[in-house]
Amino acid sequence: MNRLKQQIAAKLEAYFANPALSAASIPDCFDTPPDPAMGDLALACFKLSKILRKSPMAIAEELKKLFSEELPDGIASVVNAGGYLNFFVSDSFRVLLLREMLEAGENYGSSDLGKGKTMVIDYSSPNIAKRFHIGHLGTTIIGNSIKLIHRFCGFDTVGINYLGDWGTQYGKLVISFKKWGSEEAVRKEGIEELNRLYVLFGTEAEKDPSLNDQARHEFSLLESGDPENIRLWKLFKEISLREYMKTYELLGVSFDSFNGESFYSDKMPAVVEELKEKNLLKLDDGASLVDLEAYHMPPCLILKRDGSSLYPTRDIAAALWRKKEYAFDKCVYVTSAGQSLHFAQWFKVVELMGRDWADQLVHVPYGTFSINGEKIASRTGNVVLLDDLFREAVEKAGAIIEEKNPNLENKDEVAKDVGIGAVIFNSLLANRIKDVNFNWAEALNFEGNTGPYAQYTYARACSILNKSEQIPCPEKAALCEEEKQLISTLALFPDRVVRSLNEYEPSIITRFSLDLCQSFNRFYNACPIRSAEGEEKALRLSLCRAVKNVLGTSLHLIGLRTPEKI
């Protein structure tokens with residue numbers, strides 16, 4: 001459809017001869033009508049009315065006459081619809097679009113928008129020595145999808161798992177380990193034992209607050225290179241990573257770097273020194289901070305009273321190193337919305353330090369994740385663990401598949417793909433800033449707005465193709481309404497990819513996949529495929545191939561696997 005937009009925009013630029021209305025800006029005035037019966041493209045004339053100083057209705061009527069005199073190639077008719085100029089695409093153009101989609105194959109919708117550019121993305125980033133819980137799900141799957149979408153659009157991507165492997169929390173763990181733990185138990189029980197010790201510290205610290213001072217002291221020893229604390233820290237990290245990799249493999253998520261907070265421990269003094277040299281650092285009750293009152297933000301704390309670092313110190317050091325190492329064009333951070341102030345503060349500090357690339361730092365916030373409203377509090381151990389969530393998802397998916405298709409050969413593998421896919425799809429369906437409350441009945445429904453429904457639709461397209469001969473797409477064909485609408489829906493994919501890229505919003509792709517499934521299933525129910533003949537059969541099989549490609553790509557971009565049989 002972009003070709004038509006550009007063609008129409010060029011004609012409007014020549015007609016209006018107004019510097020404020022260029023062929024480059026006019027495509028922004030196009031919308032997709034909410035009802036296919038209203039047209040395929042809609043030019044929103046109210047967006048032109050301020051420039052032209054005419055009412056949208058008058059502009060639409062004027063342009064209807066202009067285009068009716070000579071319809072652009074690919075346009076069958078135009079209609080004035082209440083301030084919108086609606087364009088109906090010709091059947092011949094739809095078939096041309098379908099042929100182009102098939103020629104592009106799995107690359108349809110991709111672009112070179114990011115050619116020659118590097119996008120660094122910081123996501124997942126769990127604190128070591130703690131079990132993965134549902135609170136980690138958002139950053140992991142949203143970040144993974146954003147990375148995949150950028151790669152699809154031509155960016156060189158660098159996925160970073162910025163492990164939380166530094167800070168006072170490790171002083172807490174060391175104290176708890178020395179008082180109530182043993183190396184034998186840690187090696188035997190792994191992250192379960194580390195989590196038990198961490199929760200135990202919180203319980204005991206409520207009885208004896210002096211334990212918090214001891215924990216700060218132990219972390220200070222760790223920062224100064226105490227051999228025993230370093231040894232224990234390495235042990236805790238090794239055990240944690242071994243556990244986390246199992247979850248990442250299950251989700252199909254990978255990273256290019258696991259440089260955590262500790263990697264930047266020797267790079268933080270340079271940050272502090274630069275802040276001092278530029279007179280940005282102030283002392284307040286022994287702590288060092290950057291005053292941000294002029295920017296309507298609380299001060300950004302850089303060093304505690306005991307001289308130990310804080311999150312902003314490490315994040316600034318990490319950003320400076322990444323810019324030097326990767327020469328990124330943008331560096332994206334995917335975290336909960338609750339950290340928005342933190343990122344706004346240290347982004348501003350980087351700007352005040354004179355880095356002209358500070359505007360390349362992007363925080364992508366998201367809402368909370370829960371199951372039946374279950375609150376998460378790792379200190380008390382009141383968490384919904386991802387292991388348990390995935391295990392239950394796979395079991396429930398397996399039971400449904402056993403009932404629907406008991407003779408399926410690889411039921412266990414498909415159950416895993418469908419169960420994990422249901423969790424991911426449900427989590428990425430709403431706008432990322434909205435809170436997600438997971439519901440089993442909704443998420444695993446094969447007939448609702450769910451991952452299983454999308455995967456089942458993909459498998460249906462595969463089944464049709466596997467049982468049919470390969471027939472080339474015809475060069476022209478008469479189209480029924482369902483065929484027209486299916487091609488129109490497929491044609492929206494490139495635009496949806498660009499929108500999701502620009503807005504860092506995977507849900508745009510998720511919702512598109514549902515629209516495509518619904519359009520395909522309407523076509524499937526209304527249009528016989530295998531019993532069709534000649535040109536009609538060739539067209540319908542071509543539509544199935546296009547749906548398989550585009551639906552498969554869209555599900556891949558949000559992190560779902562696509563089994564061909566369910």
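General remarks:
- Cα-based helix-to-principal-axis angle, 137-152 vs the chain, degrees rounded to 10: 50 degrees
- Amide H partners (placed H, <5 Å) of GLY260, local residues excluded: LEU163
- The stretch 386-557 - Debye-derived log10 I(q)/I(0), Cα point model, q = 0.11, 0.17 Å⁻¹: -0.51, -1.08
- Rule-of-thumb Rg ratio for the chain [Cα; 2.2 N^0.38 Å; N residues]: 1.14
- Selection from VAL414, LEU48, GLY367 lying farthest towards where the dipole of the chain points positive, charges on Cβ: LEU48
- With 32 Å as the limit, the listed pairs LYS130/LYS267; LYS11/LYS115; LYS237/LYS304; LYS324/LYS548; LYS246/LYS565 have LYS324/LYS548 beyond it between alpha carbons.
- With Cα atoms, 0 to 90° folded angle of helix 386-404 axis to the chain main axis: 40 degrees
- The angle between the Cα long axis of helix 191-207 and the longest principal axis of the Cα atoms of the chain comes to about 60 degrees, rounded to the nearest 10.
- Relative packing of 300-306, 169-175, which averages over residues the other C-beta atoms within 10 Å, highest first: 169-175, 300-306
- Dividing the summed -39500 (n - 2.57) terms of all DSSP H runs of n ≥ 4 by the residue count of the chain sets its mean residue ellipticity at 222 nm at -17500 deg cm²/dmol.
- Peptides 104-112, 58-66 ranked from most to least packed give 58-66, 104-112, packing being the mean of other C-beta atoms within 10 angstrom over each peptide's residues.
- Basic side chains Lys and Arg get +1 at the Cβ, acidic Asp and Glu get -1 at the Cβ, and with that the dipole of the stretch 340-473 about its Cα centre reaches some 340 debye.
Throughout, read-outs are computed from the coordinates displayed, never taken from laboratory work. All figures in this text were calculated on a predicted structure; none of them were measured in a lab. Positions of Cβ are backbone-derived with ideal geometry, glycine not excepted, and every protein chain shown enters the neighbour counts.
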